[in-house]
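Below is one structure, written out as structure tokens, with a few remarks after it.
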Amino acid sequence: MVRRRHRQLLLFTSPALTFFLLFAVFPLLSTIYISFYQEDVFVGLKNFEFLFTNDEASERLRYAFLHNVQFFLIAASVQLPTALCMAALLTSGRVRRMTSFYRTLLFIPTTLSVVIVGFIWRLIIHPLWGIVDYPLLGEAATALPTITLMSVWQYLGIPMVFLYSALISIPSNIIEAAQVDGASDLRIFFRIKIPLIAPQIGIITILTFIWIFNAFDIIYALNGGAPGPDYATDVLGTLFYRTFFGWGADLGNQNLGAATATVIFFIILFGTAVYFATVQRRLKASQL
């Protein structure tokens, strides 16, 4: 009986496992493998040494990393509070009759292609025929924040639905007990609801971190992979693209590109490990 159950589990999980191994694990291991070579010659860590010690390469890597950090800080500080407010509004009962409509409406941008979103926003903010007469994507000070807000707009529906599900799963007897004690709706929200959904907020934060440090598509849709004015929109994803495939007169270097991708992977891995080792553990301990 146990063997039959194990066979059934293996049968049903094998398609997903095969897909994961072929399109996630194998490319990752191949990228790490390529990063140790240079023109079919094993060079060990020399590609990584070049990335971190060469003046030009290290400067571009540092700037790209800092831009990813800026991207993440702006996205997290805008997306999470906005999604939380929208989820709270949808669960407040004030829009109960149209909850499904508003939830669907807010989620629609997430279903759109990044290319379509980039094209539409490029038309909207174009200094000649758009709604603003300032080159938001042409100035170093505004290029990255503008792209970040576009990306936040597109993917706002995901954390909103996540938080909405977390809020409606809170037991009603807890809210009713607080109301009997005379707690206001605002006090209930900040003192009861937010602490109860803190683990979900943490998960959204780390997913945002992973998404931001893998960011490439929206910037490519808007700038075509270009680093932007004064490299203002150059993040780790676009740096990898130009290093691997080349840009302009510079020929691509697949081995250095693979080394760059490996660095990105370990940055994400380190950030995720730190989160689960510290923040998530404390959140779970505080709820015991």
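No lab work stands behind these numbers, since they all come straight from the coordinates. Because the structure is predicted, anything quoted here is derived from the model rather than measured. Note that each Cβ is placed from the backbone with ideal geometry, even for glycine, and that neighbours are counted across all protein chains shown.
Take the stretch 228-240 and flag every residue that is surrounded by 21 or more Cβ atoms within 10 Å (Cβ to Cβ) and not hydrophobic (A, V, I, L, M, F, W, C).
Gly228, Thr233, Asp234, Gly237, Thr238
Can we say Asn214 is within 23 Å of Tyr155 (Cα to Cα), surrounded by fewer than 17 Cβ atoms within 10 Å (Cβ to Cβ) and out of contact with any Pro (no Cβ under 9 Å at 6 or more places or on another chain)?
Answer is yes for this residue.
Only one residue in Leu45, Leu73, Leu106, Leu80 is surrounded by fewer than 17 Cβ atoms within 10 Å (Cβ to Cβ), over 18 Å from Thr243 (Cα atoms) and among the aliphatic types (A, V, I, L, M), so which one is that?
Matching residue, one of Leu45, Leu73, Leu106, Leu80: Leu73.
Could you please find all residues in the stretch 139-196 being within 29 Å of His126 (Cα to Cα) and aromatic (Phe, Trp, Tyr)?
Passing the criteria: Trp153, Tyr155.
Considering the stretch 221-240 alone, what residues qualify as being touching a residue at least 40 places away in the same chain (Cβ under 8 Å), out of contact with any Lys or Arg (no Cβ under 9 Å at 6 or more places or on another chain) and either at positive phi or in a helix (DSSP H, G or I) (or both)?
Within the stretch 221-240, Asn223, Gly228, Pro229, Asp230, Leu236, Thr238 meet the criteria.
What helices (runs of 4 or more DSSP H) lie completely within the stretch 14-122 and have 1 or more residues being under 30 Å from Asp133 (Cβ atoms) and out of contact with any Pro (no Cβ under 8 Å at 6 or more places or on another chain)?
Here the list reads 55-90, 99-111.
The rows are residues; the columns are (1) in contact (Cβ under 8 Å) with a residue 60 or more places away in the chain; (2) under 19 Å from the mean Cα position of the chain (by Cα); (3) exposed (fewer than 15 other Cβ atoms within 10 Å of the Cβ); (4) at positive phi.
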position	(1), (2), (3), (4)
Met98	no, no, yes, no
Thr111	no, yes, yes, no
Val114	yes, yes, no, no
Gly118	yes, yes, no, no
Leu123	no, no, yes, no
Pro127	no, no, yes, no
Asp133	no, no, yes, no
Gly138	yes, no, yes, no
